[in-house]
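Chemist: Next up is a structure, given as structure tokens.
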Amino acid sequence: MTYAQGWDAAQVGFGPGARALIEEELLPDRSVVVRTGTYVVDPPFFGNGDIGRVAVCGAVNELAVTGAEPRHIALGIVLEAGLPLELVRRLTASVRSAAAEAGVTIAAVDTQVVRAGEADRVFVTATAFGVLGPGAPALDLDSVRPGDRIVVTGPLGSHAAHLVSLRDGLGYEHHVPSDCAPLGGMLREVGADLHHARTVVAGGLAEVLRQCAAGRGLTLCVDEAALPVRYEARVALGARGLAPLDAACAGCLCLFVPPEHTGRVLTALRAHPHGRQAAVVGEVTADPMGDVEFRAPDGRLHTRTLPAGPVPERLL
């Protein structure tokens with residue numbers, strides 16, 4: 001990665017090259033999986049992370065939930081002219097650190113600089129490359145069965161709450177850090193015991209469950225009292241009229257687990273630093289309506305076809 005202003009340049013060495021990646025490692029006779037995403041974050045540099053970490057972790061996590069093992073990542077970075085070089089260095093250091101934590105190699109980086117005012121300081125597109133090893137579980141939505149337990153691997157809404165608190169000056173960002181983390185290693189610990197896995201990102205857990213219920217044609221029943229949510233996150237989100245169910249996470253997965261494997265999966269998750277608050281929050285039923293029912297703490301059942309409150313124009 002090179003960031004040049006004519007008078008200075010920050011050089012960052014990443015390798016191997018993309019061609020070597022394809023020719024030497026992701027060979028034609030192997031099952032290659034690719035996932036890509038474009039990441040915008042407001043603010044792009046926040047308390048315990050930045051957009052570089054969000055992009056690397058996001059792409060790696062999207063790949064990992066397919067059952068593939070992440071190997072490499074390629075980045076496209078758009079920088080706004082005038083961005084202080086200290087922030088560029090922070091970004092590159094963060095990318096290196098997140099890639100090392102995720103166990104992936106940066107295979108290629110491309111950068112473009114646009115005029116001041118044409119970007120929100122920095123945008124990142126990340127593409128993750130991985131392989132399906134022999135015997136890798138097929139974590140397809142079609143594998144979900146009635147009776148499967150719905151498990152979340154960590155507290156909901158922490159990432160969104162951290163950013164909302166920073167933007168609105170609420171002061172909770174010091175108490176509720178972003179949960180952004182690479183989760184491939186944690187998922188490998190339990191992958192053989194799962195039917196399906198999803199990242200909990202834009203739209204929050206509620207949107208993930210709606211998509212899964214509609215796509216599988218089965219009804220999901222969720223116990224709201226079982227949802228793990230930090231108190232500070234609930235307060236910060238509530239100040240914007242948001243419910244934790246609708247808030248984005250950056251280090252949380254939604255898993256569909258056969259009932260006979262639930263205990264083993266929870267034990268493995270809770271032994272991992274990013275899964276200590278893993279919890280069973282619901283169950284897949286045989287009802288073919290393809291809907292999501294939420295059981296309120298008072299026992300009432302209700303559906304949420306729309307978010308409980310207004311969604312800000314820039315939640316992330």
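None of the figures in this text is laboratory data; all of them are computed from the coordinates on show. Note that this is a predicted model, so its numbers are computed, not measured. Note that we place each Cβ from the backbone using ideal geometry, even for glycine, and neighbour counts take in every protein chain shown.
Chemist: Kindly work out what percent of the DSSP beta bridges joining two residues of the chain are antiparallel, to the nearest 5.
Modeler: 75
Chemist: Let me ask you something else. Looking at the chain, identify the longest residue range that excludes and avoids all GluC sites (Glu not before Pro) in DSSP loops having at most 16 other Cβ atoms within 10 Å.
Modeler: Looking at the chain, 119-312 is the longest stretch - no exposed GluC sites (Glu not before Pro) with at most 16 other Cβ atoms within 10 Å.
Chemist: I'd like the Karplus ³J(HN,Hα) series for the stretch 244-251: coefficients 6.51, -1.76, 1.60, θ = phi - 60°, whole numbers in Hz, and an x wherever there's a Gly or Pro.
Modeler: Couplings: x, 4, 9, 9, 6, 10, 10, x Hz.
Chemist: Efficiency by 1/(1 + (r/R0)^6): what FRET value for Asp120 and Ala239, r their Cβ-Cβ distance, R0 = 22 Å, to the nearest 0.05?
Modeler: For Asp120 and Ala239, the calculated efficiency is 0.45.
Chemist: Something else now. By DSSP, what percent of the beta bridges with both residues in the stretch 71-229 are antiparallel, rounded to the nearest 5?
Modeler: 45
Chemist: For the chain, take the alpha-carbon Rg, divide it by the Kirkwood Rh, and send me Rg/Rh.
Modeler: We get a ratio of 0.98 for the chain.
Chemist: Treating only the Cβ atoms of Lys and Arg (+1) and Asp and Glu (-1) as charged, compute the dipole magnitude of the stretch 51-194 about its Cα centre; round to the nearest 20 debye.
Modeler: Taking the Cα centre of the stretch 51-194 as origin, the dipole is about 300 debye.
Chemist: Cα axis of helix 51-64 to longest principal axis of the chain: angle in degrees, 0 to 90, nearest 10?
Modeler: That works out to roughly 50 degrees.
Chemist: Additional query: Based on DSSP, what percent of beta bridges with both residues in the stretch 59-136 are antiparallel, to the nearest 5?
Modeler: 55
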